[in-house]
Amino acid sequence: MSTRPLPARRAGGRGVAGEPRLHRRQFVLGPEPWLAAVGWVSEQISPSLHLSRCADLPVASVTDRHGTPWWLLGVALQSDDDAPAPLDQLAEHARDKLLDAYASWSGRWLLFSDTELHLDASGLVGCFYRTVRRGPKAELWVSSSLALIAALPEGEPVSPAAPGLHLGKGMDWYPPPRSRFAGVKKLLPTQILSLVEPEGRVVARPPLADVPKPKTYEGALDILQRTLVTSLRRLRERPDGTWLPLTSGLDSRLILAAARHADLPVSTFTQTYPLMESGDRRLPPLLARAVGYEHRELRPRRFSRDRQALFDAHTAGDCADGDRRFFAHGQWEMFTPPAIILRGGVFELGRCYFHGRFPEPDAEDLVHAISTRFHFREFHPTSCAHFAGIAEWVEWAAATSYAALDWRDRLYLEQRIAGWVSSIEQALDLTAYERLYIANCHTYLATVLTLPESARRDGQHHTDLIGRMAPELLRFPFNPVDGRLRLPRRLRDEWHEFAARPRKRRYAAYVAQRGAGRARDALARLRGDRTAAGD
């Protein structure tokens, strides 16, 4: 058995350690080294494979019992309290199915050898790849950064296959396995990428680990609770401070309860913004105080166009999330690094997120159903990435169907998480903070999907888990409606889009035109209702 951390070196000569930095925590795998930015290092993996990376990206290597060296990028937490640490567990691995070794790992990570590459349970380290031809020679390049994979030195130029994204408009991510650029693919979490074939061949990996089905509902809750709490207890071994963004919703409160149960020191915070729900502003300090944690409110600073441009350059326009706004207003550097941020964006896989949007479990034409539901013809009429990406995903899902996974839950796993959430996480790699997902674990996901749909739809299992670990948190309502005028989410998105583009008159005219159209539609409906009532 052999385990060793790889060398790390701080970037020198530019900026302060906590300041945002282009290409931070990114990596490139290819046939030759590429030091893409100041502070990058490179290591030869095999005669035809080099790992080039930012020195801030955690990397370690281990050799398994077959004699195969593996490299772990990112942070993996062991969620099984009876199992050794991830690297030690991998070092003892001697079976053919590597999934058996990492099924219990949570966090945000990626694993590769000199022949193949594996994503974590839901693909939170987004992985782009493309084939570059130099004369008769074809080369495979892989990167966590769309910006870097699209700008390879001496590589063929790539062209956009889609226009830019807009927050809250249709499918506001580029659906994998396609990307924004023609010729660049994005790996799905149910795919293993071969690194020895220049064409980037993929093989299927089960979307869920084989776990014994709990005999009872309470038995399932036992496993879910143990998985979350054990992951958090592993963080007590790290010197970094731990922070939790709190809202009035379910996910962050579940993490708060699990942290309290794990006796993990945590500080909480809330990033405020215009038109914010009053419950999200009012309840977080009360929730934190109820379990003995401090809370901070992070208010926006002056908007910075330069910071927004840095965000877009780092992502190559791959992310249009609200965190783009937080970053541009300086709300992602308001506490001292190093720090770990606990995130909750995976939990909704267990709450039937897409079941209400797609009520038919056996849709005949998934491509049509998805493109219609996400208004492709309205918001993405010229986007080859959207139409071809969903068509290719449907074809892959049909060829690798899994009986225990409803297609709507798989849509959430491979599109909402691996497509949308992973793009947000890559964007926030700009900051000096590590971000981890304790539900991003094969064991957790496989177990939660054994629960009855009736319990999952309303999040009863999450409420019950909170009641087990910190019942005092159930005294406060979830996402309360307090009588204040509640603006529809789409209208709030319109406002944020407008606020981020104050000089674009064409966009302002577009907003006004859409608003007038919706007002006319509402007035017509009102008149129709009155006419019907009169009849």
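The values are calculated or read from the model by the stated rules, or taken from the named source; none is laboratory data. Just so it is clear, the model here is predicted, and its values are computed rather than measured. Cβ sites come from the backbone with ideal geometry, for glycine too, and all protein chains shown count toward neighbours. Heavy atoms of the whole protein, side chains included, go into the accessibility calculation; ligands, DNA and RNA do not. Shrake-Rupley method; radii C 1.70, N 1.55, O 1.52, S 1.80 Å.
For the range 89-138, which strands (runs of 3 or more DSSP E) that fit wholly inside it have 2 or more residues that are out of contact with any helix residue (DSSP H, G or I) (no Cβ under 6 Å at 6 or more places or on another chain) and open to solvent by 30 Å² or more (accessible area, probe 1.4 Å)?
Once the strands (runs of 3 or more DSSP E) in the range 89-138 are filtered for at least 2 residues that are out of contact with any helix residue (DSSP H, G or I) (no Cβ under 6 Å at 6 or more places or on another chain) and open to solvent by 30 Å² or more (accessible area, probe 1.4 Å), what remains is 128-134.
Being open to solvent by less than 30 Å² (accessible area, probe 1.4 Å) and under 13 Å from Leu428 (Cβ atoms) is the filter here, so list the residues in the range 301-317 that pass it.
Phe311, His314, Thr315, listed by residue number.
Might you check whether a residue that is open to solvent by 20 Å² or more (accessible area, probe 1.4 Å) and under 28 Å from Lys97 (Cβ atoms) occurs anywhere in the range 177-193? Write out each step before concluding.
Taking the range 177-193 first, the residues open to solvent by 20 Å² or more (accessible area, probe 1.4 Å) are 178, 180-183, 185, 192.
Keeping just the survivors that are under 28 Å from Lys97 (Cβ atoms) gives 185, 192.
Within the range 177-193, one or more residues are open to solvent by 20 Å² or more (accessible area, probe 1.4 Å) and under 28 Å from Lys97 (Cβ atoms).
Inspect the range 218-230 for any residue being assigned to a loop (DSSP other than H, G, I, E, B), surrounded by fewer than 16 Cβ atoms within 10 Å (Cβ to Cβ) and not hydroxyl-bearing (Ser, Thr, Tyr) and give the result as yes or no.
Within the range 218-230, not a single residue is assigned to a loop (DSSP other than H, G, I, E, B), surrounded by fewer than 16 Cβ atoms within 10 Å (Cβ to Cβ) and not hydroxyl-bearing (Ser, Thr, Tyr).
What is the number of the single condition among (1) at pLDDT below 95; (2) open to solvent by 20 Å² or more (accessible area, probe 1.4 Å) that Met276 does not meet?
Single failed check for Met276: (2).
With respect to Trp71, is the statement that it is part of a strand (DSSP E or B), more than 18 Å from the chain's Cα centre (by Cα), aromatic (Phe, Trp, Tyr) and closer than 28 Å to Ser231 by Cα true?
Judged against the criteria, Trp71 is a match.
So which residues in the range 49-68 are open to solvent by 30 Å² or more (accessible area, probe 1.4 Å) and either in contact with a strand residue (DSSP E or B) (Cβ under 9 Å, 6 or more places away or on another chain) or outside any loop (DSSP other than H, G, I, E, B) (or both)?
Pro58, Thr63
Which of the residues that make up the range 231-259 are open to solvent by 10 Å² or more (accessible area, probe 1.4 Å) and assigned to a helix (DSSP H, G or I)?
Answer for the range 231-259, where residues must be open to solvent by 10 Å² or more (accessible area, probe 1.4 Å) and assigned to a helix (DSSP H, G or I): Arg233, Arg234, Arg236, Glu237, Leu250, Asp251, Ser252.
List the number of the failed condition for Ile45; all other conditions in (1) surrounded by 20 or more Cβ atoms within 10 Å (Cβ to Cβ); (2) aliphatic (A, V, I, L, M); (3) in contact (Cβ under 8 Å) with a residue 40 or more places away in the chain; (4) touching a strand residue (DSSP E or B) at 6+ places or on another chain (Cβ under 9 Å) hold.
(1)
Kindly indicate whether any position in the range 20-42 is touching a Pro at 6+ places or on another chain (Cβ under 6 Å), modelled with pLDDT of 95 or more and open to solvent by 10 Å² or more (accessible area, probe 1.4 Å). Break it down into steps so the answer makes sense when it comes.
To start, the set of residues in the range 20-42 that are touching a Pro at 6+ places or on another chain (Cβ under 6 Å) comprises 42.
Restricting the remaining residues to those that are modelled with pLDDT of 95 or more gives 42.
From what's left, open to solvent by 10 Å² or more (accessible area, probe 1.4 Å): 42.
So far as the range 20-42 goes, yes, one or more of its residues are touching a Pro at 6+ places or on another chain (Cβ under 6 Å), modelled with pLDDT of 95 or more and open to solvent by 10 Å² or more (accessible area, probe 1.4 Å).
Against the definition (touching a Leu at 6+ places or on another chain (Cβ under 8 Å), surrounded by fewer than 23 Cβ atoms within 10 Å (Cβ to Cβ) and part of a loop (DSSP other than H, G, I, E, B)), how does Ala162 come out, yes or no?
No; evaluated as a whole, the condition is false for this residue.
Out of the range 95-149, which residues are free of Cβ contacts under 8 Å to residues at least 40 places away in the same chain and under 18 Å from the mean Cα position of the chain (by Cα)?
Trp109, Leu110
Restricting to the range 282-299, and then to whatever is open to solvent by 60 Å² or more (accessible area, probe 1.4 Å) and within 25 Å of the chain's Cα centre (by Cα), can you tell me which residue is nearest to Ala328 (Cα to Cα)?
Within the range 282-299, the match that is nearest to Ala328 (Cα to Cα) is Arg299.
Tell me yes or no: at least one residue of the range 240-251 is at pLDDT below 95 and farther than 21 Å from Ser422 by Cα. Full working, then the answer.
Keep residues of the range 240-251 that are at pLDDT below 95, which gives 240-241.
If we keep only those that are farther than 21 Å from Ser422 by Cα too, we end up with 240-241.
Yes: the range 240-251 contains one or more residues that are at pLDDT below 95 and farther than 21 Å from Ser422 by Cα.
Surrounded by fewer than 17 Cβ atoms within 10 Å (Cβ to Cβ) and either of a type in the set (Phe, Trp, Tyr) or under 22 Å from the mean Cα position of the chain (by Cα) (or both): does that describe Pro214? Break it down into steps so the answer makes sense when it comes.
Values: surrounded by fewer than 17 Cβ atoms within 10 Å (Cβ to Cβ): yes; either of a type in the set (Phe, Trp, Tyr) or under 22 Å from the mean Cα position of the chain (by Cα) (or both): no.
Criteria not met by Pro214.
What's the total number of residues in the range 324-364 that are open to solvent by 10 Å² or more (accessible area, probe 1.4 Å) and assigned to a helix (DSSP H, G or I)?
Total satisfying the criteria: 5.
Pull up the range 360-390, narrow it to residues that are touching a residue at least 24 places away in the same chain (Cβ under 8 Å) and hydroxyl-bearing (Ser, Thr, Tyr), then point me to the one that is farthest from Ala161 (Cα to Cα).
By that ranking, first place goes to Thr382.
State whether the residues of the range 422-442 include one that is assigned to a helix (DSSP H, G or I), open to solvent by less than 30 Å² (accessible area, probe 1.4 Å) and within 20 Å of Tyr217 (Cα to Cα).
yes
Please determine, by comparing only the residues of the range 443-473 that are part of a helix (DSSP H, G or I) and among the charged types (D, E, K, R), which one is least open to solvent (accessible area, probe 1.4 Å).
Only one residue fits best here, namely Arg456.
Pairs under 9 Å by beta carbon, first residue more than 11 Å from Phe128 (Cβ to Cβ) in the range 165-185, partner open to solvent by 20 Å² or more (accessible area, probe 1.4 Å) and β-branched (Val, Ile, Thr), six or more apart or different chains?
Note: pairs meeting the criteria are Ala182/Val158.
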